[in-house]
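Report on one structure; see the data block that follows.
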Amino acid sequence: MGACELCGKEGVGTRRAKVSQSVLECCSGCIASMRLVVEQRPTKVIQNNEQSSLVTGKGVSGIDIMTKDATELAGDFYSRIRNGRKIKGLSQGDLARIMNVKIGVIQKAENGNRPTDSILEKFERALGISLFVEAIPRNNTMVANESSSQMTISDAKNDLVDKTRKRPEKKKGRRFGVSRSGSRTRR
């Protein structure tokens, strides 16, 4: 789960898409509206046989706040859920009954909408998969193009708009209060 690097929307499922000469994490809205090409990555279903240990320490409710951002939701969590369900041979309805949730929750999660943390834990237990990955430091992320100069999101958008959209010329319309033949003369 992350933020779209084009529109800035936060808390949405993102996919890597090619924008101009760069590859960015984009939400489904930007991908659909700009007709971006999604980069295909092979997905692996990871069997999680480890018992998770509870982090204890001083602080709020026994949670160590220093380890809060150690993991984050994988960007392709929706495909991991779908692939894990298919490997187990379950339909969406079967999985919903096993997890004791509505089928709409399963459908939304497989379409890229982020479910709550408790639902994510239910997916991991029911399918035996891991949906969380190690957090990537955000301060090292940089978007660049082929040249050595840094590229901003605005540059990528302008590149894409220049290449894809040319505005048609406006037809010259008739102005109100002006006759077509010009001024009249008195004889």
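All of the numbers you see were taken from the coordinates with simple rules; none came from a lab. Because the structure is a prediction, the values reported are computed rather than measured. Note that each Cβ is placed from the backbone with ideal geometry, even for glycine, and that neighbours are counted across all protein chains shown.
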Response to the item:
Taking every other residue with Cβ under 14 Å from the Cβ of Ile98 and scoring Lys and Arg +1, Asp and Glu -1, one gets +3
Practice prompt. State the extension gain, in nm to one decimal, for the chain segment bounded by Asp155 and Val37, taking 0.36 nm per residue of separation less the distance between their alpha-carbons.
Written response: 40.7 nm
Practice prompt. Report the calculated FRET efficiency for Thr71 and Ser118 (r = Cβ-Cβ distance, R0 = 22 Å), to the nearest 0.05.
Written response: 0.90
Fill in: Given Lys102/Lys157; Lys9/Lys102; Lys18/Lys122; Lys9/Lys88; Lys9/Lys108, the pairs whose alpha carbons are separated by over 29 Å
Lys102/Lys157; Lys18/Lys122; Lys9/Lys88
Worksheet item: Length gain on complete extension for the stretch Val23 to Ile98, per 0.36 nm per residue less the alpha carbon to alpha carbon distance?
Response: 23.2 nm
